[in-house]
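Since the structure comes first, as structure tokens, the remarks are kept for the end.
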Amino acid sequence: MKRRKRLAAAVTSHALNLIIGGGLYMGNSDAIQAAEKKTYTRVPFAAFSSQMQDALLGSDKYEKPVWNLHDALKLPEWLSVSLEQRTRYETVGGPFKAGSKGGDQQIPLQTTLWLQAHLGSFRLGTEFMDARALNSDSGTGVNNTMSDTWDFIQGYAAWSDQNVLYSGIGAEVVAGRQTLNLGSRRLVARNAMRNTINSFTGVKLRLLDYGNWQFNGFISTPVNRLPTSSTALLDNEQVFDRENTRTWFSGGLLELYDLGWNINSEVYLYHLDEGSSTSVPTRHRRYFTPGMRFYIKPAKAEFDFQLETIGQFGTVRASTAAKDSRNLNHTAWYQHADVGYTIDMPWSPRLAFEYDYASGDQNPNDNKDQRFDTLFGARRFEFGPTGIYGAFSRANINTPGFRINVSPRSDVQASLSHRVFWLAEAKDCWGGTTCSGNSLILRDPTGRSGNNLGQQLELTARWDFNSSLNFETGWAHLFKGSFAKNAPRAPAPVDVDYFYVQSMLRF
């Protein structure tokens, strides 16, 4: 009985939100004022239309683009369609990769078309993306995180029911090629700043007890982005992506809401069993990755916090070489903590202190690997811009910092962040998921170069012209530390400046 009441309350609330959010005239001034006060979650600065509808919770969390193909073409209600285009100009001055010289620039373009048909409880959808890295050359180090031309990142069939057998439990099943965005996004994410997006082919099950808990479980095979050679990518060669059927990625994540004092929690376990394909050699990672997170969401005049602990164990090979058949014992861990406070005043300033630690390999000559692997996670929201910069990743780092966010207007957001970076282990390398076989990564196996990477200062600003057109700009400055200056094959000891400006059109 209680579950039915909760479901009824949720559905009623959702219906009211749809009426208010849609701006329908309700015959009194209170309704109009409520419509004027309607707020939405800010949409990420990336292709996101396929994620804006929620089959179990409704679709009013994000504002409908004011310019949209559905209304322009007068399409039926059962058909959803969206075209998104992001253009970015980025430039970096000052080298920080091994053996590199000078700066670089690039114009990444990301264009996405999403189509979905609603057939009662069933949905059929596809998402088509073209990602290109213009103005690049052989010195840019172009890879398939920057370019993946003319391909499908989603093609799925789904079923959902908001109240399965009148139990008060919502259920959803999605099968086919799809993107995944789970938990804190540190291990499984739909990429935001990166020009290409991870996708997986498999089945995902979602169960939701409204306001109490949610479970996501999946079994999938990752999709290999092709081609992989920089020459083919620079030529915009089109090769359809293919599933690596010798690799399986699966897991489950349970979220528990409002445990007390507004605290929410997550507990999860992911399993990666990786094999090589003819087109993409791998390190044969076989990892179990358990973790848990506790958090309070930011709110005005309130403290918020986040605490996430992740372990990782299994086996991995030192390189992707076909002749490398020796498995290393893999044991690693990661810790994140932050605490913030949002001041109840104009601009709603929020100040947060952050700390991240990702283990590194203590001894490069033993039979162990202790370097944390972030799997398919995103890093931009913590460690600064990626693109042609991407100086820091969730591996072999020890980094405290602070962040200030302000919103001078409802359509403007700005942030300032500062972080200090050290290597967790001085003998391990800086950046990347592996040290072996990457000529651009700095490493001192003796540890004599120390562990001070430097300090990073970052400024960003975003302006939403409307719900269809957004603009963003950012600048990051890396004050190099002793390791970045003195490690073997370190480039010139000058600081690094990275700048970008980008636009996002949703139609």
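The values are calculated or read from the model by the stated rules, or taken from the named source; none is laboratory data. Keep in mind it's a predicted model, so treat the numbers as computed, not measured. Ideal geometry is used to build each Cβ from the backbone, glycine not excepted, and the neighbour counts take in all protein chains shown. The accessibility values were calculated without ligands, DNA or RNA, using every heavy atom of the protein model including side chains. Shrake-Rupley method; radii C 1.70, N 1.55, O 1.52, S 1.80 Å.
How many of the residues making up the stretch 103-141 are assigned to a loop (DSSP other than H, G, I, E, B), in contact with a strand residue (DSSP E or B) (Cβ under 8 Å, 6 or more places away or on another chain) and open to solvent by 20 Å² or more (accessible area, probe 1.4 Å)?
Residues meeting the conditions: 5.
Applying the selection to the stretch 198-219, what residues are over 16 Å from residue 179 (Cβ atoms) and assigned to a loop (DSSP other than H, G, I, E, B)?
210, 211, 212
Identify the residue in the stretch 47-102 that is outside any loop (DSSP other than H, G, I, E, B) and among the β-branched types (Val, Ile, Thr) and, among all such residues, is surrounded by the most Cβ atoms within 10 Å (Cβ to Cβ).
So the residue we want is 92.
Give the residues of the stretch 353-400 that are within 19 Å of the chain's Cα centre (by Cα), among the charged types (D, E, K, R) and open to solvent by 20 Å² or more (accessible area, probe 1.4 Å), sorted by residue number.
Correct list: 354, 379, 380.
Restricting the search to the stretch 310-338, which residues are of a type in the set (A, V, I, L, M) and exposed (fewer than 15 other Cβ atoms within 10 Å of the Cβ)?
321, 322 - these are the residues of the stretch 310-338 that are of a type in the set (A, V, I, L, M) and exposed (fewer than 15 other Cβ atoms within 10 Å of the Cβ).
Test of understanding: among 290, 222, which residue is modelled with pLDDT of 95 or more, part of a strand (DSSP E or B) and open to solvent by less than 20 Å² (accessible area, probe 1.4 Å)?
Checking each option against the conditions leaves just 222.
Among the residues of the stretch 294-309, what is the count of those that are open to solvent by less than 20 Å² (accessible area, probe 1.4 Å) and outside any strand (DSSP E or B)?
Residues meeting the conditions: 0.
Mind checking which pairs have a first residue in the stretch 54-80 that is over 20 Å from residue 113 (Cβ atoms) and at pLDDT 95 or above and a second that is open to solvent by 60 Å² or more (accessible area, probe 1.4 Å) and assigned to a loop (DSSP other than H, G, I, E, B), Cβ under 6 Å, 6 or more apart or different chains?
From the stretch 54-80, the pairs are 56/162.
Please go through (1) part of a loop (DSSP other than H, G, I, E, B); (2) closer than 21 Å to residue 493 by Cβ; (3) open to solvent by 30 Å² or more (accessible area, probe 1.4 Å) for residue 425 and return the number of the only condition it doesn't satisfy.
Residue 425 satisfies all of (1) part of a loop (DSSP other than H, G, I, E, B); (2) closer than 21 Å to residue 493 by Cβ; (3) open to solvent by 30 Å² or more (accessible area, probe 1.4 Å) except (2).
Mind listing whichever residues of the stretch 182-208 are open to solvent by 20 Å² or more (accessible area, probe 1.4 Å) and touching a Ser or Thr at 6+ places or on another chain (Cβ under 8 Å)?
194, 201, 203, 204
Taking only the stretch 264-287 into account, find how many residues are open to solvent by 40 Å² or more (accessible area, probe 1.4 Å), within 21 Å of residue 371 (Cα to Cα) and not in a strand (DSSP E or B).
Total satisfying the criteria: 1.
Looking at (1) at pLDDT below 95; (2) open to solvent by 40 Å² or more (accessible area, probe 1.4 Å), which is the one condition that is false for residue 341?
(1)
Which condition from (1) in contact with a strand residue (DSSP E or B) (Cβ under 7 Å, 6 or more places away or on another chain); (2) open to solvent by less than 30 Å² (accessible area, probe 1.4 Å); (3) not in a strand (DSSP E or B) is the one that residue 493 breaks?
The number of the failed condition is (2).
For residue 328, work out the one condition from (1) assigned to a strand (DSSP E or B); (2) over 24 Å from the mean Cα position of the chain (by Cα); (3) within 24 Å of residue 218 (Cα to Cα) it doesn't fulfil.
Unmet for residue 328, out of (1) assigned to a strand (DSSP E or B); (2) over 24 Å from the mean Cα position of the chain (by Cα); (3) within 24 Å of residue 218 (Cα to Cα): (3).
All but one of (1) at pLDDT 95 or above; (2) part of a loop (DSSP other than H, G, I, E, B); (3) not basic (Lys, Arg) hold for residue 170; state the number of the condition that does not hold.
Result: residue 170 passes all but (2).
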